[in-house]
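Notes follow the structure.
Just so it is clear, none of the values below were taken in a lab; they were calculated from the coordinates. All values reported here derive from a predicted model rather than from experimental measurement. Backbone-built Cβ (ideal geometry, glycine too); neighbour counts: all protein chains shown.
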Amino acid sequence: MSDSINGNWDETTSLIDIAEKTGIPVKSLIKNLDLDKEYWASRNDRSFLIKTPTDFGKTKIDVQQAIELFAENNVSFITGITIIGMLVVFVSLIAIGIIIQQLKHLNRKKKPEKVTVTTSVGKITVPEPDVSTNAIVAVITALHIHVKEVRDKKKLLLTWNRGPVSMWKASNHVHLLNRESRRSTR
């Protein structure tokens, strides 16, 4: 990165031009050149950014060191952000896994109660009957098939009971809205 500024930098290059040519944010360049105090003292004055490093007593070597320092810190900064992002994702996945595991305790079924029946043989304990999911599915399917058969029979009856329709007779029975509105206004 410092090679790109070597040939393009002279005594008249401003801080903002150096930052643009090297791809370093201006504030990072100011911080690495130890110009924080001067910058914050005149932060409302935009002319600070068009001053050259020599105006602050900085040499070409100081600027190159600031660029190299940014490159070193930038790699560690990116690595830190990546590690923190991965930690956040993994911790949230672990938390979601724990929550999903605990959901099975939310809807616990009670143990079936045993019923004691007295018969001529003696007392017999019988567990309460449990309706399985297969039985529920069978009932719903039977109901669905029954409803479908009833609909089909109704459609078949409508088809067989329909008589021939003459369009000449049917046209006499059609109520036109305009005709009715004229009758009601008279």
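Take the Cα of Asn73, step 7 Å toward its Cβ, do the same at Lys153, and the gap between the two points is 8.6 nm.
In this label model, Leu143 and Arg108 are separated by 3.1 nm, measuring between points 7 Å along each Cα→Cβ vector.
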